[in-house]
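I have placed the structure first, in the form of structure tokens, so that the comments after it can refer back to it.
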Amino acid sequence: IPLELHFHLQIRRYIVKHQIRRLLMSAVLNQDYSECIKACQVCVIECEICLSAMIGAESPNDCPLCCYECIEACNLCLRALARDSQFAKQYCELCVRLCEWCEEECAHHSMDCCQRCAKSCQECIKQCSALLH
């Protein structure tokens, strides 16, 4: 990744991290959902970064397509959880399935953005799965 893009991505992560912290502290959320919401938000950011870095790059698998799908699923899930939807578990199930796919695809790439994406997918899988049991 070019140095300029690297700094841009670091600044973006910092800003989003603090936005997430403020949202979680100010919103009235079901406390059981807060860790899952946070994991989904981080996953969205890391997938966006991976998607941006991988667009146009050679890929032997479904990265970056999986990132796009994962972003959509995580956004749906965190919004459903934030409103305490009666379908929250179904959204979590979908999120887990797409994060598993994205994690598997991105883990095959050695680029830092792909590895960070895969790691954030793992955490999202863990947090969403915890709500299913």
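The values are calculated or read from the model by the stated rules, or taken from the named source; none is laboratory data. What you are looking at is a predicted structure, and each value in this text was computed from that prediction instead of being measured. Don't worry about glycine lacking a Cβ; one is built from the backbone with ideal geometry, like all the others, and counts go over all protein chains shown. Surface accessibility is based on the protein's heavy atoms, side chains included, excluding ligands, DNA and RNA. Shrake-Rupley method; radii C 1.70, N 1.55, O 1.52, S 1.80 Å.
Worth pointing out:
- For the pair M111 and Q31 in one chain, pulling the backbone fully straight at 0.36 nm per residue adds 25.3 nm over the alpha carbon distance.
- GluC sites (Glu not before Pro) restricted to DSSP loop in the range 40-133 with at most 10 other C-beta within 10 Å: E58
- Straight-line reach from K126: taking Cα to Cα under 17 Å and skipping same-chain neighbours fewer than 8 places apart, the aspartates and glutamates in range are D32, E35, E46, E93, E100, E103, E104.
- Label separation (F87 vs R12): 2.9 nm, computed from points 7 Å beyond Cα along the C-beta direction.
- Net lengthening on full extension, I55/R79 (0.36 nm per residue, minus Cα-Cα): 6.0 nm
- Among the chymotrypsin sites (Phe, Trp or Tyr not before Pro) within the range 59-105, those in coil by DSSP and having at most 12 neighbouring Cβ atoms inside 10 Å are F87.
- Calculated accessible area for the range 75-124 comes out at 56 Å² per residue, all protein chains present (probe 1.4 Å; ligands, DNA, RNA ignored).
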